[in-house]
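Reviewing the structure listed below.
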Amino acid sequence: VGSRHADPAAGHAYHPITASDTKRLIVASLAAGIKGFNYHMFVGRQRWYDGALEADGAILPSFDIVSQATTRLVELKYETMRDFADVALVQYRPYLRAASVGEHEPDGYIADLVGSDFDAVCADLMALSYDYRIFEMGVTERLDSFGTIIVPCGEYMDAAAQARLADLAKSGAHLVLYGAVPHKDERFEPCEILAKAIGFKTGIERAITTVETKHGNFVTNALGVIKRAPTRAAKLAKSGAKILAASNKCGKGQ
């Protein structure tokens, strides 16, 4: 609740965290499937502002929102509610670690892939009223019940994770990979389990380019290209002669 700044008064003046902001964060977290949380930095202190309470006990605007959410979740028995979401977004922890140390080439794209790009996918799903849940690749047993699984992928991923994604597609999931299809494992040794299973091979070619689809054209910052696709794959997006997106059957899935 709130935000940090070296000068809390300046932070509040130039970037206030309102009760509406707090409400949006709580509701979005609940909508994404969170089951337990704490109100971090509930009380204001040095280098912190716009929490729920001031250090001297003064009540701030976000306090009422926090109080209502806490009380009503208990009354609704939120933790016992059934989950009807059919879209799963998956984060791969090694990518998050790589992103946390900065955007260093040749894998600088990873920070965008699991950061701003991932946030944009979440925002778009919410705007389109698709109910989704966010998971970490290490707990993939929960993914079996989801019809659509969206995963940001880089050029490396451990063999077990690659095999798990391939199995999900073969079992009937609509697996959406964005970024690149891995061709190395976590030690950067050759590993193409996923690429061979789905029949796609990609390459990193970062450029601002015009993307052509049957729904129209648009300009975007493209990450890479599809270098090899199955013969019967549907070409979904192109940039000139280069294929940027495609879809193909994989077992019972897509």
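The values are calculated or read from the model by the stated rules, or taken from the named source; none is laboratory data. Nothing here was measured: the structure is a model prediction, and the numbers come from that model. Virtual Cβ from ideal backbone geometry, glycine too; neighbours counted across all protein chains shown. In case anyone asks, the SASA skips ligands and DNA or RNA and just uses the protein heavy atoms, side chains included. Shrake-Rupley method; radii C 1.70, N 1.55, O 1.52, S 1.80 Å.
Among Glu141, Glu155, which is free of Cβ contacts under 8 Å to residues at least 60 places away in the same chain and within 20 Å of Phe200 (Cα to Cα)?
Numbers: Glu141 fails: within 20 Å of Phe200 (Cα to Cα).
That would be Glu155, the only listed residue that is free of Cβ contacts under 8 Å to residues at least 60 places away in the same chain and within 20 Å of Phe200 (Cα to Cα).
So is Ala52 open to solvent by less than 70 Å² (accessible area, probe 1.4 Å), closer than 26 Å to Asp124 by Cβ, in contact (Cβ under 8 Å) with a residue 24 or more places away in the chain and not hydroxyl-bearing (Ser, Thr, Tyr) or not? Lay out the reasoning, then the answer.
Working: open to solvent by less than 70 Å² (accessible area, probe 1.4 Å): yes; closer than 26 Å to Asp124 by Cβ: no; in contact (Cβ under 8 Å) with a residue 24 or more places away in the chain: yes; not hydroxyl-bearing (Ser, Thr, Tyr): yes.
In short, no.
Take the residues of segment 162-201 that are of a type in the set (Lys, Arg) and farther than 22 Å from Val139 by Cα: which is most open to solvent (accessible area, probe 1.4 Å)?
Per the criteria, the residue is Lys196.
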### Query
Residue check, Lys35 against (1) assigned to a helix (DSSP H, G or I); (2) open to solvent by 60 Å² or more (accessible area, probe 1.4 Å); (3) under 22 Å from Ile150 (Cβ atoms), all met but one. Which one?
(1)
#### Entry: Lone qualifier among Leu60, Leu96 - being under 30 Å from Glu141 (Cβ atoms) and either at pLDDT below 90 or out of contact with any His (no Cβ under 6 Å at 6 or more places or on another chain) (or both)
Leu96
### First in segment 108-119 and crowded, with 22+ Cβ neighbours inside 10 Å, second anywhere and assigned to a loop (DSSP other than H, G, I, E, B), Cβ under 6 Å, 6 or more apart
Ile110/Gly154
### Summary
Of (1) open to solvent by less than 40 Å² (accessible area, probe 1.4 Å); (2) out of contact with any Phe, Trp or Tyr (no Cβ under 7 Å at 6 or more places or on another chain); (3) touching a residue at least 12 places away in the same chain (Cβ under 8 Å); (4) outside any helix (DSSP H, G or I), Asp83 fails just (1)
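On the basis of being of a type in the set (A, V, I, L, M, F, W, C) and touching a residue at least 12 places away in the same chain (Cβ under 8 Å), does Ala88 make the cut?
Working: of a type in the set (A, V, I, L, M, F, W, C): yes; touching a residue at least 12 places away in the same chain (Cβ under 8 Å): yes.
Considered against the rule, which asks whether it is of a type in the set (A, V, I, L, M, F, W, C) and touching a residue at least 12 places away in the same chain (Cβ under 8 Å), Ala88 comes out as yes.
Could you list all residues from segment 120-137 that are surrounded by 12 or more Cβ atoms within 10 Å (Cβ to Cβ) and in a helix (DSSP H, G or I)?
Restricting attention to segment 120-137, the residues satisfying the condition of being surrounded by 12 or more Cβ atoms within 10 Å (Cβ to Cβ) are 121-122, 125-126, 130-137.
Hits for segment 120-137 are Val121, Cys122, Leu125, Met126, Met137.
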### Summary
Per the list (1) open to solvent by 40 Å² or more (accessible area, probe 1.4 Å); (2) of a type in the set (Val, Ile, Thr); (3) under 26 Å from Ser129 (Cβ atoms); (4) assigned to a helix (DSSP H, G or I), residue check on Ile65 breaks on (1)
### Query
How many residues does segment 1-49 contain that are closer than 30 Å to Ser129 by Cβ and among the acidic types (Asp, Glu)?
1
### Query
When residues of segment 140-185 are filtered for being out of contact with any Cys (no Cβ under 7 Å at 6 or more places or on another chain) and part of a helix (DSSP H, G or I), how many remain?
14
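How about segment 21-37: which of its residues are farther than 15 Å from Leu53 by Cα and either without any contact (Cβ under 8 Å) to a residue 60 or more places away in the chain or over 16 Å from the mean Cα position of the chain (by Cα) (or both)?
Taking segment 21-37 first, the residues farther than 15 Å from Leu53 by Cα are 21, 23-37.
Result: Asp21, Lys23, Arg24, Leu25, Ile26, Val27, Ser29, Leu30, Ile34, Lys35, Gly36, Phe37.
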### Query
When you go through (1) within 23 Å of the chain's Cα centre (by Cα); (2) on the phi < 0 side of the Ramachandran plot; (3) not polar (S, T, N, Q) one by one for Gly102, which number turns out not to apply?
(2)
